[in-house]
Amino acid sequence: MDYIFNLLMQYRYFILLPLCIVEGPIIAVIAGLLCSRGIMDPLYAYPIIVFGDVIGDSVVYTIGRYGKSKPLFLAKIKKRIGLTEAKMERARAYFETNPRKTISLSKIILGIGVAGIYMAGNAKVAYSKFISICLLTSAVQYIFYVGLGYLFGQAYVQINQYLNFFASFSIVLAVALILFFVIKSKLKKL
């Protein structure tokens, strides 16, 4: 974490964009800290952070939309957990009918957001709709993260631990829900 902090101190805006493409929330917290110390200007840092996040989301969306639609390892996993093509179509239909809800929640819930953004691409949600939802959600989300860094930035290591805990909790909860529904569907078949 200190390495990222030092990189941002030294290269500022030049390194901010690529770092935000990969990992936005904690980078935004650190950038908020640097803004509070006068090292970065929030009027430059904030749009770069949002833009980097949207670029990362667009890459995942593109992989979901144009990537190999049925990778072999996913087919095996789908078969084992009982995920049929009909169930996938229902998920796609839900993404198509509720894009604001699903895409925004995918971005807000740390840890499982990539899967939701991938599914939005796989469901072929129109890119213009996808990008407008992502841009609005990122703009609001990063006001919070930069503000958190601005006010409590010295605690960025602890904030990162909390963000990691929340992401881990979200992943465990998602896996538990998937297992619950898989077991429930298997028991119905018996």
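With respect to (1) crowded, with 21+ Cβ neighbours inside 10 Å; (2) closer than 22 Å to Gln158 by Cα; (3) at pLDDT 90 or above, the lone exception for Gly24 is condition (3).
Surrounded by fewer than 12 Cβ atoms within 10 Å (Cβ to Cβ) and either in a helix (DSSP H, G or I) or among the charged types (D, E, K, R) (or both): does that describe Val182? Answer is no for this residue.
If you go through region 3-49 and pick out every residue that is over 24 Å from Gly111 (Cβ atoms) and acidic (Asp, Glu), you end up with 1. Before we move on, is Leu148 over 16 Å from the mean Cα position of the chain (by Cα) and either surrounded by 17 or more Cβ atoms within 10 Å (Cβ to Cβ) or at pLDDT 85 or above (or both)? The answer is yes for Leu148.
State whether the residues of region 129-142 include one that is of a type in the set (A, V, I, L, M), under 30 Å from Phe5 (Cβ atoms), part of a helix (DSSP H, G or I) and touching a Lys or Arg at 6+ places or on another chain (Cβ under 8 Å). Before the answer, list the steps.
If we filter region 129-142 for residues that are of a type in the set (A, V, I, L, M), which is where we start, we get 131, 133, 135-136, 139-140.
Filter once more, keeping what is under 30 Å from Phe5 (Cβ atoms): 135-136, 139-140.
From what's left, part of a helix (DSSP H, G or I): 135-136, 139-140.
In the following step, the residues that additionally are touching a Lys or Arg at 6+ places or on another chain (Cβ under 8 Å) were identified as none.
Taking every residue of region 129-142 in turn, none turns out to be of a type in the set (A, V, I, L, M), under 30 Å from Phe5 (Cβ atoms), part of a helix (DSSP H, G or I) and touching a Lys or Arg at 6+ places or on another chain (Cβ under 8 Å).
Ala176 meets all of the listed conditions (1) without any contact (Cβ under 8 Å) to a residue 12 or more places away in the chain; (2) surrounded by 14 or more Cβ atoms within 10 Å (Cβ to Cβ) but one, namely (2). Every condition in (1) at pLDDT below 85; (2) among the aromatic types (Phe, Trp, Tyr); (3) closer than 24 Å to Ile131 by Cβ is met by Phe73 except one, and the failing one is (3).
For the condition surrounded by 13 or more Cβ atoms within 10 Å (Cβ to Cβ), modelled with pLDDT of 90 or more and closer than 22 Å to Ser58 by Cα, Ile39 does not qualify. For region 47-66, does any single residue satisfy the condition of being without any contact (Cβ under 8 Å) to a residue 60 or more places away in the chain, in a loop (DSSP other than H, G, I, E, B) and not hydroxyl-bearing (Ser, Thr, Tyr)? The answer is no; no qualifying residue exists.
The values are calculated or read from the model by the stated rules, or taken from the named source; none is laboratory data. Everything numeric here is computed off the predicted structure, so don't read it as measured data. With ideal geometry, Cβ positions are generated from the backbone for all residues, glycine too; neighbour counts draw on all protein chains shown.
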